[in-house]
Amino acid sequence: VVLKNNIFYILSLEGKVYSWNIKDNNMKLIADCSSTINKRSSFGRIAVTDELIYLLPALSDTIYRINIQTNEIDIYKDYPDGFLYIEPEGWGKYRGYSEDNENYYFAMRSSVYILCINKRNGEVRWINPKISSADYFHMCTKYTGVALCEGSWTLKDLLHSSTDLYMENDNNKFINGEKIWEQLYE
C-alpha cells in the first residue's frame, strides 16, 4: 500500500491494483495484471509517481507500468545491457527501498543494479555501483560485525582487503594482509 495525494494505492500479490480515495471513501480496481502472470506471489512492491505506478516483481521477472490518468498498462523493457535477476529460490526481487525528495531507490537484492525511479515523472535509472572487495569487506565488518561468509570470499580477497588483519611473525613484528598473502606464494 502506498499513500499519494490522499489516495491509497493497493497492490495484491497477483497484480491487481486498487485505488482508495480517502476523501470520498471510494475504492476501485484501476488495473489487473493477474491474467498475464501464472505464478503466485508474482508481485512484491508498488512504486507510485505523479504519472506512473510501477508493479515490481517478487517471484516473476516482469516490471509493469500503469499510467495513472488512463489506467493503461505496459511492460517495462528498458533494462541495462546484461541485466538479469539472480536470486535464491523463493526470494523476492525488490524487498526494501530508500527514498529522498526526488527518487525511490530499490536495493540490489537480486541483481547488480540499484533501481532508481523518479517520483515526479516516473523516469527509471539503473545504477551499477562499483564496490571493491576491500570496501565490501570493511562495510561488512563495520555494519554487520560479520567479516565473511564461507564461499563468498577467497583467501586472496580477504587478505588483500583486510589491512587491519595482522599476524605475529618470528621477530614479533605485526604484518598486514598483503604481507601474509606474499608469504603464502614465496
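FYI, it's all coordinate maths here, none of it is from the lab. As the structure is a prediction and not an experimental result, all values here were calculated from the model. Because the Cβ atoms are built from the backbone with ideal geometry, glycine has one as well, and the counts that use them run over all protein chains shown.
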(request) Using only C-alpha atoms and all pairs of different ones, pull out the Kirkwood radius for region 44-85 in Å with one decimal. (result) 11.1 Å
(message) Filter LYS23/LYS119; LYS16/LYS130; LYS23/LYS77; LYS77/LYS119 down to the pairs with a C-alpha to C-alpha distance above 26 Å, please.
(response) LYS16/LYS130; LYS23/LYS77
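Just the number: Rg to Rh for region 1-96, Cα atoms, Kirkwood Rh, two decimals.
Numbers: Rg = 13.7 Å, Rh = 13.9 Å.
Dividing the radius of gyration by the Kirkwood radius yields 0.98.
Which order, highest average first, do 67-78, 110-121, 93-104 follow once you tally other Cβ atoms within 10 Å for each residue and take the mean per peptide?
Details: 67-78: 12.0, 110-121: 17.0, 93-104: 14.2.
In decreasing order of mean packing, 67-78, 110-121, 93-104 become 110-121, 93-104, 67-78.
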(message) Among 48-58, 16-26, 82-92, how do they line up by average Cβ neighbours within 10 Å per residue, starting with the highest?
(response) 48-58, 16-26, 82-92
